[in-house]
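> Right, I'll just put the structure down here and ask away after.
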Amino acid sequence: MYLQAFFIVVLHIIPVKTTVPDQSRCEDKVNTCIIRDGIPGANGLPGRDGFVGPKGENGEQGLRGIQGPPGKAGPPGQKGDLGPIGEKGSPGSCDDSELNLLKTQIKDLQMEMKNLKEDIKKEKVLRVPNGIMVGEKTFQTDGSRGTYEIAQSKCAQSGGVLASPRNALENSALVEIMNSHNINVLLGINDMQTEGTFKYPDGEIISFANWNANEPNDAGGEDCVEIFGTGKWNDIPCRLERLIVCEY
């Protein structure tokens, strides 16, 4: 396309001669080129970005924005000076009504506890889990059986001693326990130290006894004691296993 335009320009360059009336020769005038507009060319490739221009002047100040959320609290300031001491107030009055009410309630509770203890003493026998409470003594069993040595050790480990009734009421309590387990109860009473002299586990000679007829007879080295369902006692060899009942 550029070549075609070139030829068009060349072909239109025409030499012109003029004749001057007062001269007899011709002079060549300046060549004149007539250029016709060509067809617009295609757009070129994008040029490179120019240099950054100078910084413009500051614009007008905009409107004030909405207030933002409160910031974090700053560190605590220094402790201020002690203020002046205020005037002394008038003396208050003491109200003893609540204190007197509390004292009355305590006295009532103490009276109830005292009455409860008296009721227990009157009843004398109180059923407790796995046993019976008689006065200030409690007989308990877990249903296990054992010889005298095993029974004595087991009761000692739990903070008690092998059951040893010291009156008819305690003896009846052991009978009730024995009947609920259907096996004779092994007592802590024995004559291991002196034959025929039965003592409690602490070494004291017994002050209460309820022997069966013709007992104790020490038949075959019987140094320990069991209690029947009738409440009667019978001496037996200490190697035999019976129901273990501890007293606390």
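The values are calculated or read from the model by the stated rules, or taken from the named source; none is laboratory data. On a predicted model such as this, the values are computed, not experimentally measured, just so you know. Note: ideal-geometry Cβ built from the backbone for every residue, glycine included; neighbour counts use all protein chains shown. Surface areas here come from the heavy atoms of the whole protein model, side chains and all, with no ligands, DNA or RNA. Shrake-Rupley method; radii C 1.70, N 1.55, O 1.52, S 1.80 Å.
> Please arrange Leu99, Leu82, Leu162 by accessible surface area, largest first, computed with a 1.4 Å probe and ligands excluded.
Numbers: Leu99 85, Leu82 165, Leu162 5 Å².
Of Leu99, Leu82, Leu162, the descending order of accessible area is Leu82, Leu99, Leu162.
> Lys/Arg Cβ at +1, Asp/Glu Cβ at -1, dipole of the range 113-248 taken about the Cα centre: which of Val175, Gly221, Asn190 is farthest positive-ward?
Projecting each Cα onto the dipole axis, the largest value belongs to Val175.
> Could you tell me the center-to-center distance, by alpha carbons, between the range 53-68 and the range 187-221 in angstrom?
Value for the Cα centre distance between the two parts: 114 Å.
> How much FRET efficiency would the formula 1/(1 + (r/R0)^6) give for Ile66 and Met111, where r is the Cβ-Cβ distance and R0 is 51 Å, rounded to 0.05?
0.10
> Name the long-range amide H neighbours of Asn190: under 5 Å, sequence gap of 5 or more, or other chain; modelled H, no Pro or chain starts.
Lys199
> Please work out the FRET efficiency for the pair Ser144 and Asn167, using the Cβ-Cβ distance as r and a Förster radius of 30 Å; give the result to the nearest 0.05.
Values: r = 26 Å, r/R0 = 0.87.
After rounding, the FRET efficiency stands at 0.70.
> Quote the charge dipole size of the range 116-234 about the Cα centre in Debye, to the nearest 20; the model charges only the Cβ of Lys and Arg (+1) and of Asp and Glu (-1).
Value, rounded to 20: 500 debye.
> For Ile244, Ile206, write out the residues from largest to smallest accessible area, computed with a 1.4 angstrom probe and no ligands counted.
The ranking, largest first, comes out as Ile206, Ile244.
> Once you've got the Cα coordinates, tell me which of Lys103/Lys137; Lys107/Lys154; Lys154/Lys232 are over 31 Å apart. Don't jump to the answer; show the numbers that get you there.
Values: Lys103/Lys137 33 Å; Lys107/Lys154 42 Å; Lys154/Lys232 25 Å.
Over 31 Å Cα-Cα: Lys103/Lys137; Lys107/Lys154.
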